[in-house]
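The values are calculated or read from the model by the stated rules, or taken from the named source; none is laboratory data. Note that the coordinates shown come from a computational prediction; the quantities given were computed from them, not determined experimentally. Note that we place each Cβ from the backbone using ideal geometry, even for glycine, and neighbour counts take in every protein chain shown. What goes into the accessible areas is simple: the full protein's heavy atoms, side chains included, and nothing from ligands, DNA or RNA. Shrake-Rupley method; radii C 1.70, N 1.55, O 1.52, S 1.80 Å.
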Amino acid sequence: MTVPPRIAGADRSPPPANTATDPAEISAQRLLLTPSEIARVVDRIAHQILERTADSSSPPILLGIPTRGSVLAVRLAQRLEVFSGAPPICGSLDITLYRDDLRHKAPRALEETSMPVGGIEAATVILVDDVLFSGRTVRAALDALREYGRPSVVQLAVLVDRGHRQLPIRADYVGKNIPTAAGDSVDVRFTETDGYDAVELKRAP
Amino acid sequence: MPRHLLSAGDLTRESALHILDTTERIGQAIAGREVRKLPTLRGRTVVNLFYEDSTRTRLSFEAAAKRLSADVINFSAKGSSVSKGESLKDTAWTLQAIGADAIVCRHSSSGAPHQLSGWVDGHVINAGDGTHEHPTQALIDAFTVRKHLGDVEGKRIVIVGDVIHSRVARSNVLLLSTLGAQVTLVAPPTLLPKGIESWPVTVDYDFDRALAGVDAVMMLRVQRERMGDAFFPTTREYSRQYGLDDRRRALIANHGIVMHPGPMVRGMEISPSVADGPGSVIVEQVANGVIVRMAVLYLLLSART
């Protein structure tokens, strides 16, 4: 049973491509991955997932962390189907209610959670997110996951690992490692949510 | 989102929709789970301050706070220092000293939660004050309407009965009209408040005429405990003119829903066959109550402190 790949936030109208008009802003922004590079990276992660989960009896469950983790999970699922012929199970897991920094920030809007119909008990679950940074999002996701059942294996796939971990967490599948300063911001853009594909690095002023 | 939730009138269209969207997400997040508990408000304290009897509202707020892992203190005026003569202000200071992060206040005097909000640092949620307002009930009703009819905007909704004593009606009129519904109030003239002309509603005394083709009919409880005098000749006559029976039920739109905030007076306001019949969402309103209140507590308490 496959949950239809609905993408949280995709119904919002995408902003126009590259809105930075200030020359200083443009020069401070560096393009790290182009659309074709993103497609290649997604393909590579899909192949790695197939290799590492070949022995398991059931197909892996891809759980995207909204918003852009869900987009990435759907894209990975599509490529996995092309390469293996079997459609993987896909869902999304909003982790906002499990965050440990809720008191330090303005309230966040909650995004969609959709679990596979068969549940996650004893399955191979792959958490999918766009950027791995402090590791706190992944910690919250592990907490959230525990409430839904007990997977036999949980793995983590990310498009970008930018370092600066605050918790002992590492990804099983990494699209690209990007050395950054703590104050920089790495923005992943997807056509489904932003109108264009790119990974951009904005240096701290 | 305002700092306190005292009146449905404090909510803009945007903030009301934000609460309803958050409610839906919370419903999704706990649906079909064995453990229906979230760690979101761990370590925060919610006080249920109830000066007036209430079972369902208190239970609903208590369940909501506990499902978000908050610590809950229930305070009912009966058997407390209030019966020894302690004032609301002194109680407020006590709660302040305890470190209450949120106070859910029900009081028989209109405006008591508003007063309270000036004395404490925590967030105050009005859980019904006198004949004034009950904003979370209005949010529950709007959420239920949206769930069944897709949207509140443009929907025709009839609210029937004891409007003058009903804080539920007052909050619903404010919220439903903010969200773009067309609201009609139906009641005997004696049960309509003064100044109703300024409310954003139409008024009709003929229940049959008002019901034709509406999307939702919301019955109110006849609040006998607040009636010093007779507001209508007999229970039977009230029931004949303003009770919802099978014949009247057939007048509303095919997709229409029947609502009641509870507790119901069966046989008088609503016939048992309608209350338990198709299109009745009365039990669901209670279930939705918990997730709506979870959303309100989350949005008020998770903000930067």
Problem - Filtered residues of region B:230-245 (kept if under 12 Å from B:Glu269 (Cα atoms) and open to solvent by 20 Å² or more (accessible area, probe 1.4 Å)) - result: B:Thr235, B:Arg236, B:Glu237, B:Ser239, B:Arg240, B:Gln241, B:Asp245
Practice task
Considering each of A:Thr137, A:Thr67 in turn, give the residue that is open to solvent by 10 Å² or more (accessible area, probe 1.4 Å), within 14 Å of another protein chain (Cβ to nearest Cβ) and of a type outside the set (Gly, Ala, Ser).
Solution key: A:Thr67
Fill in the blank from the handout: Out of (1) touching a residue at least 40 places away in the same chain (Cβ under 8 Å); (2) assigned to a loop (DSSP other than H, G, I, E, B); (3) open to solvent by 50 Å² or more (accessible area, probe 1.4 Å), the one A:Ile120 does not meet is (3)
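Could you please let me know if B:Ala303 is part of a loop (DSSP other than H, G, I, E, B) and either open to solvent by 10 Å² or more (accessible area, probe 1.4 Å) or touching a Cys at 6+ places or on another chain (Cβ under 7 Å) (or both)?
Yes: the conditions hold for B:Ala303.
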Exercise for the section: Please state which of the following conditions B:Val47 fails to meet, knowing it meets all the rest: (1) closer than 18 Å to B:Ala112 by Cα; (2) surrounded by fewer than 19 Cβ atoms within 10 Å (Cβ to Cβ); (3) β-branched (Val, Ile, Thr). Expected result: (2)
Problem - Matching option when the condition is touching a helix residue (DSSP H, G or I) at 6+ places or on another chain (Cβ under 9 Å) and not small (Gly, Ala, Ser), among B:Ile196, B:Ile157 - result: B:Ile157
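Among the listed residues A:Arg44, A:Arg40, identify the single one that is of a type in the set (Lys, Arg), assigned to a helix (DSSP H, G or I) and either under 16 Å from A:Phe190 (Cβ atoms) or at pLDDT below 95 (or both). Full working, then the answer.
Values: A:Arg44 fails: either under 16 Å from A:Phe190 (Cβ atoms) or at pLDDT below 95 (or both).
Only one candidate passes the filter, namely A:Arg40.
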Exercise for the section: For region A:64-85, indicate whether the set of residues that are under 14 Å from the mean Cα position of the chain (by Cα), part of a strand (DSSP E or B) and under 18 Å from A:Ser152 (Cβ atoms) is non-empty. Expected result: no
Problem - Residues that are over 24 Å from B:Ser7 (Cβ atoms) and assigned to a helix (DSSP H, G or I), drawn from region B:82-113 - result: B:Val82, B:Ser83, B:Lys84, B:Asp90, B:Trp93, B:Thr94, B:Ala97, B:Ile98
Practice task
Could you please find all residues in region B:76-96 being of a type in the set (A, V, I, L, M, F, W, C) and closer than 13 Å to B:Thr45 by Cα?
Solution key: B:Leu95
Problem - Residues that are open to solvent by 10 Å² or more (accessible area, probe 1.4 Å) and touching a strand residue (DSSP E or B) at 6+ places or on another chain (Cβ under 8 Å), drawn from region B:262-274 - result: B:Met264, B:Ser271, B:Pro272
Problem - Residue count for region B:152-209, restricted to those that are open to solvent by less than 10 Å² (accessible area, probe 1.4 Å) and part of a strand (DSSP E or B) - result: 7
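Quick check, is A:Leu50 open to solvent by less than 60 Å² (accessible area, probe 1.4 Å) and either assigned to a loop (DSSP other than H, G, I, E, B) or away from every other protein chain (no Cβ under 14 Å) (or both)?
Numbers: open to solvent by less than 60 Å² (accessible area, probe 1.4 Å): yes; either assigned to a loop (DSSP other than H, G, I, E, B) or away from every other protein chain (no Cβ under 14 Å) (or both): yes.
Spelling it out, A:Leu50 is indeed open to solvent by less than 60 Å² (accessible area, probe 1.4 Å) and either assigned to a loop (DSSP other than H, G, I, E, B) or away from every other protein chain (no Cβ under 14 Å) (or both).
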Exercise for the section: For region A:147-168, state whether one or more residues are part of a helix (DSSP H, G or I), modelled with pLDDT under 95, within 18 Å of A:Tyr98 (Cβ to Cβ) and small (Gly, Ala, Ser). Expected result: no
Handout entry: Per-region count, region A:81-94, residues open to solvent by 10 Å² or more (accessible area, probe 1.4 Å) and within 11 Å of chain B (Cβ to nearest Cβ)
Key = 1
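For B:Gly213, indicate whether it is in contact with a Gly (Cβ under 7 Å, 6 or more places away or on another chain) and in the same structural domain as B:Thr235 (by TED's automatic domain parsing). Break it down into steps so the answer makes sense when it comes.
On the way: in contact with a Gly (Cβ under 7 Å, 6 or more places away or on another chain): no; in the same structural domain as B:Thr235 (by TED's automatic domain parsing): yes.
So B:Gly213 does not fit the description; no.
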Exercise for the section: Consider B:Ala287 carefully, then state whether it is in a helix (DSSP H, G or I), of a type outside the set (Val, Ile, Thr) and at pLDDT 95 or above. Expected result: no
Problem - Selection within region A:95-108 - free of Cβ contacts under 8 Å to residues at least 12 places away in the same chain and either more than 7 Å from chain B (Cβ to nearest Cβ) or surrounded by 20 or more Cβ atoms within 10 Å (Cβ to Cβ) (or both) - result: A:Leu102
Handout entry: Test: residue in region B:281-297 that is farther than 20 Å from B:Gly27 by Cβ and either touching a Pro at 6+ places or on another chain (Cβ under 9 Å) or away from chain A (no Cβ under 14 Å) (or both)
Key = no
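Looking for something in contact (Cβ under 8 Å) with a residue 12 or more places away in the chain, open to solvent by less than 30 Å² (accessible area, probe 1.4 Å) and assigned to a helix (DSSP H, G or I) - is there at least one such residue anywhere in region B:210-229? Before the answer, list the steps.
Of the residues in region B:210-229, the ones in contact (Cβ under 8 Å) with a residue 12 or more places away in the chain are B:210-223, B:226-227.
With the extra rule that they be open to solvent by less than 30 Å² (accessible area, probe 1.4 Å), the set shrinks to B:210-211, B:214-220, B:222-223.
Subsequent filtering for residues that are assigned to a helix (DSSP H, G or I) retains B:210-211.
Yes.
Let's see how each residue does on (1) modelled with pLDDT under 95; (2) open to solvent by less than 60 Å² (accessible area, probe 1.4 Å); (3) within 14 Å of chain A (Cβ to nearest Cβ):
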position: B:Arg33; (1), (2), (3): yes, yes, yes
position: B:Lys66; (1), (2), (3): no, no, no
position: B:Glu133; (1), (2), (3): no, yes, no
position: B:Leu139; (1), (2), (3): no, yes, no
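Here is a check on your reading of the model: is A:Ser56 more than 21 Å from A:Val186 (Cβ to Cβ) and open to solvent by 40 Å² or more (accessible area, probe 1.4 Å)? Even if it seems obvious, please write down each step before you answer.
Working: more than 21 Å from A:Val186 (Cβ to Cβ): yes; open to solvent by 40 Å² or more (accessible area, probe 1.4 Å): yes.
The answer is yes for A:Ser56.
Rundown of residues vs (1) within 20 Å of B:Val281 (Cβ to Cβ); (2) touching a Leu at 6+ places or on another chain (Cβ under 9 Å), yes/no style:
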{"residue": "B:Ser171", "(1), (2)": "yes, yes"}
{"residue": "B:Leu176", "(1), (2)": "yes, no"}
{"residue": "B:Leu192", "(1), (2)": "no, yes"}
{"residue": "B:Thr234", "(1), (2)": "no, no"}
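Specify the residue that is surrounded by the most Cβ atoms within 10 Å (Cβ to Cβ); the eligible residues are those in region B:14-29 that are of a type in the set (A, V, I, L, M, F, W, C) and under 18 Å from B:Gln285 (Cβ atoms).
Here the residue is B:Ile26.
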